[in-house]
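The values are calculated or read from the model by the stated rules, or taken from the named source; none is laboratory data. In this text, all values refer to a predicted model and were calculated from it rather than measured experimentally. Positions of Cβ are backbone-derived with ideal geometry, glycine not excepted, and every protein chain shown enters the neighbour counts.
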Amino acid sequence: MEKTKLGISVKLLAAITCLAPLSGGYVFFLGLVLYILLMEKNEWLKKMTIQTVIITFVCSALSVVLDFVPSIISVMDSVMSIFGQSFSIAFVSNLFSTADRIVTTAKLFVLLVMSLKCFTEDNLQIKQLDDFMAKHVDLSKEEE
């Protein structure tokens with residue numbers, strides 16, 4: 001079983017990296033990502049790390065976009081309340097909030113599945129993610 005420079009297995013570090021974005025903060029996750037990309041040599045570990053970063057970034061970006069419309073409606077309601085009026089489009093706000101919950105749940109599910117697949121050194125096959133990585137990420141060893 002291959003070990004990392006930290007002394008733990010590559011599989012365990014990959015699983016921890018997949019679960020780190022779910023812990024609530026991104027500081028620990030960012031530290032792990034930087035450590036793995038700068039210090040570790042295992043290409044599979046780096047690939048899993050980059051996949052986790054991409055999934056986390058895309059889901060976070062989607063959440064920001066989906067939260068934008070309810071936020072605008074809330075701002076409009078606040079402005080209208082100054083004049084004693086109310087502004088609410090409950091259906092639209094609920095629709096976007098539900099979509100945001102779906103994205104959050106999907107991220108949770110994908111990262112959990114990825115973390116479980118780490119113990120078999122298997123990759124989650126998402127065609128768009130694989131295509132993106134093939135186009136933009138080169139993990140070939142530069143020292144050789």
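Pairs meeting the criteria (first residue in region 72-83 and within 15 Å of Ser97 (Cβ to Cβ), second residue among the aliphatic types (A, V, I, L, M), beta carbons under 7 Å, at least 6 apart or on different chains) are Ile73/Ile89; Ile73/Val92. Among Lys46, Lys11, which is the only one that is surrounded by 14 or more Cβ atoms within 10 Å (Cβ to Cβ), assigned to a helix (DSSP H, G or I), within 17 Å of the chain's Cα centre (by Cα) and touching a residue at least 60 places away in the same chain (Cβ under 8 Å)? Answer to the selection: Lys46.
Looking at this structure, is Val33 touching a residue at least 12 places away in the same chain (Cβ under 8 Å), surrounded by 13 or more Cβ atoms within 10 Å (Cβ to Cβ) and either over 20 Å from the mean Cα position of the chain (by Cα) or assigned to a loop (DSSP other than H, G, I, E, B) (or both)?
Details: touching a residue at least 12 places away in the same chain (Cβ under 8 Å): yes; surrounded by 13 or more Cβ atoms within 10 Å (Cβ to Cβ): yes; either over 20 Å from the mean Cα position of the chain (by Cα) or assigned to a loop (DSSP other than H, G, I, E, B) (or both): no.
No; evaluated as a whole, the condition is false for this residue.
For Lys41, the criteria (1) assigned to a helix (DSSP H, G or I); (2) at pLDDT 90 or above; (3) farther than 19 Å from Lys127 by Cα hold in every case but one, which is (1).
Within region 59-73, can one find any residue that is within 15 Å of Leu22 (Cα to Cα), hydrophobic (A, V, I, L, M, F, W, C) and surrounded by 11 or more Cβ atoms within 10 Å (Cβ to Cβ)? If you could, list the steps in order and put the result at the bottom.
We begin by selecting, within region 59-73, every residue within 15 Å of Leu22 (Cα to Cα); these are 59-60, 63.
With hydrophobic (A, V, I, L, M, F, W, C) added as a condition, the list becomes 59.
Keeping just the survivors that are surrounded by 11 or more Cβ atoms within 10 Å (Cβ to Cβ) gives 59.
Among the residues of region 59-73, at least one is within 15 Å of Leu22 (Cα to Cα), hydrophobic (A, V, I, L, M, F, W, C) and surrounded by 11 or more Cβ atoms within 10 Å (Cβ to Cβ), which makes the answer yes.
For region 75-111, a residue qualifies if it is polar (S, T, N, Q), closer than 17 Å to Phe57 by Cα and touching a helix residue (DSSP H, G or I) at 6+ places or on another chain (Cβ under 7 Å), and exactly one does: Thr104.
For region 14-30, the candidate set comprises residues that are loosely packed, with under 15 Cβ neighbours inside 10 Å and of a type in the set (Gly, Ala, Ser); within that set, the residue that is modelled with the highest pLDDT is Ser23.
Note on region 100-122: among residues that are within 21 Å of Ile8 (Cβ to Cβ) and acidic (Asp, Glu), the one that is surrounded by the most Cβ atoms within 10 Å (Cβ to Cβ) is Glu121.
For Ser97, indicate whether it is more than 29 Å from Leu129 (Cα to Cα) and either without any contact (Cβ under 8 Å) to a residue 24 or more places away in the chain or in a helix (DSSP H, G or I) (or both). When the stated conditions are applied, Ser97 does not pass them.
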